[in-house]
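Chemist: Take a look at the following structure, please.
The values are calculated or read from the model by the stated rules, or taken from the named source; none is laboratory data. Only a predicted model underlies this, so the values are computations on that prediction, with no experimental measurement involved. Every residue, glycine among them, receives a Cβ derived from its backbone with ideal geometry; neighbour counts consider all protein chains shown.
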Amino acid sequence: MNFDFSDDQKQLRDQARKFLAEKCSPKAVRVVLDGKAPYDKELWKGLAEMGFLGVAIPEEFGGAGAGHLELCVIAEEMGRANAPVPFSSTVYLAAEALLIAGSDVQKKKWLPAIAAGEAIGTLALFEGKGNPSPKNIKLMAANGTLNGVKKPVADGAIADFAVVAARTGSSGRESDISLFLVDLKAGGVEVKNLTNLDPTRSQAEITFTNCKAELLGAAGEGWSILTQVLDRAAVLCAFEQVGGADRALEMGRDYALDRIAFGRQIGSFQAVKHMLADMYVSATLARSNSYYGAWALSTNAAELPEAAAAARISATQAFQHCAKNNIQVHGGMGFTWEFDCHMYYRRANAMALGLGSLSYWEDQLIDRMRKKNAA
Amino acid sequence: MNFDDTPQEAAFRETARKWIDANAPKELQAELSKSSLGRIRLANHDIVDVGKAWQKKKFEGNWACLHWPREYGGRGATPIEKVIWQQEEGVYGKLTQPFQIGEGMCGPTVMAFGSEDAKRRYLPKLASGEEIWCQLFSEPAAGSDVAGLRTRAEKKGDNWVVNGQKIWTSGAHYSDYGLLIARTDPNVPKHKGLTMFFLNMKSPGVEVRPIKQANGMQEFNEVYFTDVVIPDSQRLGAVGDGWSVSLTTLMNERMSIGARLATGVPEMFEFCSNLMLEDGVAIDDRAVRSKLASWAAKSSGLKYTSYRTISALSKGERPGPENSIGKLVSGMMLQDIATYAMDLQGAAGVLTGSDEETVQGQFQQMLLSSPSMRIAGGTDEILRNIIAERVLGLPGDIRVDKDVPYNKIPTKGR
């Protein structure tokens, strides 16, 4: 059994960590946090130059053609650094959707642009409150045009194109849903920036009015493609969450070692030690579940749906837990804008919702376990 | 990243599987499979008797204590081979329960500190199951703070004379030998005045009394020592070095891979899939699903954490600290699951009879037994301290009794 990343993959992780430590310091993240830039363009360019944006994109489409284990390794580092760039929208959602369902022409148009850092993509799925469900998709597609409103759309205001889930039927079945590819710079698209929990990752409302769109995948296949995309993104996001959880745990640990109260390091008090130990437990469970997800993702295993849901749940809980208690360990200082704790708290709670909330994934896990048990 | 055996591992697995298939007590398989949540139910057999028979067979086939050197009754197997063996042994591994303390703790301590004669005399018989060992560490006034123990050993000529009391001793009533830590010098700070011994549990002056536990069962014992004589040749390590010897014992305990930890999740999943609530099957209920999914994710997290440890062993590396979370997570989870399973049964959850309605009372039993999972082998709090100090590098507690001679440490709170 070799349930671990290879030496090459670990080397890639070190390389990504070093790169992000230089180019994505908390100070750089704050430029976006404070609203002075919609995302870190320099960093985005650098990620393209390092080959990170196209790491899992095949060489024939301008990527490095390395694979998804390599992408997992980079995702973890992106989470650790709290990177203020549209990485998950572009790489986990848009690129994965293209890889699964795109025509050769579509792939050739967008994938090389993604790898080169020249195109930002996103997935326009949600329409207000609610979790992923065919029922919640009201946006209509007819005769190659879209009409309707999507919100929130992660990175919608900075994206060049979107994969849009739209209704093409009214039978009440999953086959009512189709996916479309939309050039957001063309006509019929109105984008409005929305304020959100985590200003380092923007959210938008996009209104489509007689907007020209082309099918991505076959008509009526949208929901099945979307389910696969969400599962794959769940694993990749889990690695970001694991990276964030680890960093929050480290911050808490370091502060507990530095801070003196009652004449001793606060890390010597059991109340603080046990809080940090519990954070380590959460982070470890999340990491192990995510490794399993990575294996399933990279081998396209039949276990992927269940593995993705378990990784998603575990990593969401771990990041929320570690980010929350990191503030608690810091005491009052942790509640200041000046300290970085709240950036992880914001990211943890925003990420907990992005692909569907915790309760949605809990539902998914049970359904998938039942399916397996019945088989 | 893959779950495959290396060719050598696959060959080893094949050999083990064939041997088990030809030799395992298959008549017990159904009953052992049904024994869940750490409880072994055998209708017509005593676990010690059938356990000894299986252990003897394994010993004769060279499969007992297989990571031990051959000259002491083992197979000289690698750590990963031991894991593979455990995976293949499967439900029959439950029969090894009476020997786990001997194999996991007492044997390794004798191996590290015993004389060559002692090793050759005692270890093969431990491995074959002919002699069962227990561990005599905890005392009524020394649980988590085991270095505060009171049992005295005084030197008389070539012998030591022991007086005192141990507690929570699993299997003392059927054990032949015991690993004993005792105080040999009360005038120095507590960690410095301890010495390790082993003794024959049938020695005059040893009295074993079963403890009736909170769950109504009797698995632990108190052991009383009245002028028990132990020859100096049965001392392990130097006089006064008992604490560091005990750390070897405890480290071996923690090195064992918690592959057999029960989490209660499969049982709970099945229970919720069958239980009818007012609005339908429990597993269709939103609140039930939420809890069940969280537990399932924790349980798979533990499983794949152990896979990471196994991978390190497979590569010949020292496992990382991640394996230290197993008992902490599973102990709390068992208790939470048992509580919730009863909540779902409503008023009938109070009943403990072994009828169908209460699913043979398995969760009720679990509720009553689960507190011990959070205490035995290191309390949840001690485990958190260990993670905080050894994994995260946080400072140790301030120990007010560290430099105080043992006999000057207060013994009463008020």
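Chemist: Mind checking which residues of segment A:263-274 are in a helix (DSSP H, G or I), without any contact (Cβ under 8 Å) to a residue 60 or more places away in the chain and either touching an Asp or Glu at 6+ places or on another chain (Cβ under 8 Å) or more than 9 Å from every other protein chain (Cβ to nearest Cβ) (or both)?
Modeler: Residues satisfying the conditions are A:S268, A:Q270, A:A271, A:K273, A:H274.
Chemist: What residue, among those in segment A:50-83 that are in a loop (DSSP other than H, G, I, E, B) and not small (G, A, S), is surrounded by the fewest Cβ atoms within 10 Å (Cβ to Cβ)?
Modeler: A:P58
Chemist: In segment B:101-111, what residues are in contact with a Leu (Cβ under 8 Å, 6 or more places away or on another chain) and hydrophobic (A, V, I, L, M, F, W, C)?
Modeler: Hits for segment B:101-111 are B:M105, B:C106, B:V110, B:M111.
Chemist: So A:P134 clears everything in (1) crowded, with 19+ Cβ neighbours inside 10 Å; (2) touching a residue at least 40 places away in the same chain (Cβ under 8 Å) except one condition, right? Which one?
Modeler: It fails just one condition, (1).
Chemist: Here's something else I'd like to know. Return yes or no: is B:M332 within 30 Å of A:M275 (Cα to Cα), within 21 Å of the chain's Cα centre (by Cα) and surrounded by fewer than 17 Cβ atoms within 10 Å (Cβ to Cβ)?
Modeler: Considered against the rule, which asks whether it is within 30 Å of A:M275 (Cα to Cα), within 21 Å of the chain's Cα centre (by Cα) and surrounded by fewer than 17 Cβ atoms within 10 Å (Cβ to Cβ), B:M332 comes out as yes.
Chemist: Oh, and also: Give the residue, chosen from B:I257, B:I283, that is farther than 30 Å from B:N407 by Cβ, of a type in the set (A, V, I, L, M) and modelled with pLDDT under 90.
Modeler: Only one candidate passes the filter, namely B:I257.
Chemist: For segment A:177-188, give me each residue that is surrounded by 19 or more Cβ atoms within 10 Å (Cβ to Cβ) and of a type outside the set (S, T, Y).
Modeler: Across segment A:177-188, the qualifying residues are A:I177, A:L179, A:F180, A:L181, A:V182, A:L184.
Chemist: Right, something else. B:V229: in contact with a helix residue (DSSP H, G or I) (Cβ under 6 Å, 6 or more places away or on another chain), modelled with pLDDT of 95 or more and in a strand (DSSP E or B), yes or no?
Modeler: In short, no.
Chemist: Considering every residue within segment B:262-281, establish whether at least one is under 24 Å from the mean Cα position of the chain (by Cα), within 29 Å of B:F113 (Cα to Cα) and more than 10 Å from chain A (Cβ to nearest Cβ).
Modeler: Within segment B:262-281, not a single residue is under 24 Å from the mean Cα position of the chain (by Cα), within 29 Å of B:F113 (Cα to Cα) and more than 10 Å from chain A (Cβ to nearest Cβ).
Chemist: Given segment B:298-403, what helices (runs of 4 or more DSSP H) lie entirely inside it while holding 1 or more residues that are touching a Cys at 6+ places or on another chain (Cβ under 6 Å)?
Modeler: none
Chemist: Only one of A:L304, A:L285 is at pLDDT 95 or above and within 9 Å of chain B (Cβ to nearest Cβ); which?
Modeler: Going through A:L304, A:L285 in turn, just one is at pLDDT 95 or above and within 9 Å of chain B (Cβ to nearest Cβ): A:L285.
Chemist: Among the residues of segment B:47-62, how many are under 20 Å from the mean Cα position of the chain (by Cα) and either of a type outside the set (V, I, T) or under 15 Å from B:G93 (Cβ atoms) (or both)?
Modeler: 7
Chemist: Now for a different question. Could you list, in sequence order, the residues of segment B:72-99 that are over 27 Å from B:S115 (Cβ atoms) and among the aliphatic types (A, V, I, L, M)?
Modeler: B:I80, B:V83, B:I84, B:V91, B:L95 - these are the residues of segment B:72-99 that are over 27 Å from B:S115 (Cβ atoms) and among the aliphatic types (A, V, I, L, M).
Chemist: Looking at B:L344, is it within 24 Å of A:A311 (Cβ to Cβ) and either at the interface with chain A (Cβ under 9 Å from one of its Cβ atoms) or touching a Leu at 6+ places or on another chain (Cβ under 7 Å) (or both)?
Modeler: Considered against the rule, which asks whether it is within 24 Å of A:A311 (Cβ to Cβ) and either at the interface with chain A (Cβ under 9 Å from one of its Cβ atoms) or touching a Leu at 6+ places or on another chain (Cβ under 7 Å) (or both), B:L344 comes out as no.
Chemist: While we're on this one: Tell me, please, whether a residue that is within 14 Å of another protein chain (Cβ to nearest Cβ) and basic (K, R) can be found in segment A:355-368.
Modeler: Yes, there is a match, as at least one residue in segment A:355-368 is within 14 Å of another protein chain (Cβ to nearest Cβ) and basic (K, R).
Chemist: At least 2 residues that are farther than 24 Å from A:Q364 by Cα and either in contact with a helix residue (DSSP H, G or I) (Cβ under 9 Å, 6 or more places away or on another chain) or small (G, A, S) (or both) in each: list the strands (runs of 3 or more DSSP E) lying fully within segment A:130-182 that qualify.
Modeler: Answer list for segment A:130-182: A:140-142, A:161-167.
Chemist: Of the residues B:T184, B:T263, only one is in contact (Cβ under 8 Å) with a residue 24 or more places away in the chain and assigned by TED's automatic domain parsing to the domain that holds B:V329; which?
Modeler: B:T263
Chemist: Would you point out the residue of segment A:320-375, among those that are more than 20 Å from the chain's Cα centre (by Cα), among the aliphatic types (A, V, I, L, M) and in a helix (DSSP H, G or I), that is farthest from A:V31 (Cα to Cα)?
Modeler: Per the stated criteria, the residue is A:A374.
Chemist: Can you go through B:V50, B:V83 and tell me which one is within 14 Å of chain A (Cβ to nearest Cβ), surrounded by 18 or more Cβ atoms within 10 Å (Cβ to Cβ) and either in contact (Cβ under 8 Å) with a residue 24 or more places away in the chain or part of a helix (DSSP H, G or I) (or both)?
Modeler: B:V83
Chemist: Let me ask something else. Take B:M217 and decide whether it is surrounded by 18 or more Cβ atoms within 10 Å (Cβ to Cβ) and either outside the structural domain of B:S372 (by TED's automatic domain parsing) or over 21 Å from the mean Cα position of the chain (by Cα) (or both).
Modeler: It is false that B:M217 is surrounded by 18 or more Cβ atoms within 10 Å (Cβ to Cβ) and either outside the structural domain of B:S372 (by TED's automatic domain parsing) or over 21 Å from the mean Cα position of the chain (by Cα) (or both).
Chemist: May I pose another question? Just for segment B:86-99: of the residues that are crowded, with 17+ Cβ neighbours inside 10 Å and in contact (Cβ under 8 Å) with a residue 60 or more places away in the chain, which one is nearest to B:L313 (Cα to Cα)?
Modeler: So, considering only residues that are crowded, with 17+ Cβ neighbours inside 10 Å and in contact (Cβ under 8 Å) with a residue 60 or more places away in the chain, the one nearest to B:L313 (Cα to Cα) is B:Q86.
Chemist: Could you please let me know if A:M50 is at pLDDT below 95 and more than 15 Å from the chain's Cα centre (by Cα)?
Modeler: Answer is no for this residue.
Chemist: Out of the residues in segment B:298-326 that are among the β-branched types (V, I, T) and without any contact (Cβ under 8 Å) to a residue 60 or more places away in the chain, state the one that is nearest to the other protein chains (Cβ to nearest Cβ).
Modeler: B:T305
Chemist: Oh, and also: So which of A:I327, A:I260 ends up being under 22 Å from A:P84 (Cα atoms), out of contact with any Asp or Glu (no Cβ under 9 Å at 6 or more places or on another chain) and more than 9 Å from chain B (Cβ to nearest Cβ)?
Modeler: Among A:I327, A:I260, only A:I327 is under 22 Å from A:P84 (Cα atoms), out of contact with any Asp or Glu (no Cβ under 9 Å at 6 or more places or on another chain) and more than 9 Å from chain B (Cβ to nearest Cβ).
Chemist: Just to be sure before I move on: is A:V272 over 30 Å from A:E70 (Cα atoms), surrounded by 23 or more Cβ atoms within 10 Å (Cβ to Cβ) and outside the structural domain of A:M78 (by TED's automatic domain parsing) in the structure I sent?
Modeler: Taking the combined requirement at face value, the residue satisfies it.
Chemist: Turning to a different aspect of this structure: Could you say which residue among B:E154, B:E103, B:E130, B:E139 is of a type in the set (D, E, K, R) and in contact (Cβ under 8 Å) with a residue 60 or more places away in the chain?
Modeler: Step by step, each of B:E154, B:E103, B:E130, B:E139 is checked, and only B:E130 is of a type in the set (D, E, K, R) and in contact (Cβ under 8 Å) with a residue 60 or more places away in the chain.
Chemist: A follow-up question, please. With B:P371, B:P319, B:P395 as the choices, which residue is closer than 25 Å to A:M1 by Cβ and either surrounded by fewer than 18 Cβ atoms within 10 Å (Cβ to Cβ) or at pLDDT 95 or above (or both)?
Modeler: B:P319
Chemist: Looking at segment B:161-178, which of its residues are touching a residue at least 60 places away in the same chain (Cβ under 8 Å), crowded, with 17+ Cβ neighbours inside 10 Å and under 25 Å from B:D401 (Cβ atoms)?
Modeler: Result: B:V162, B:G164, B:Q165, B:W168.
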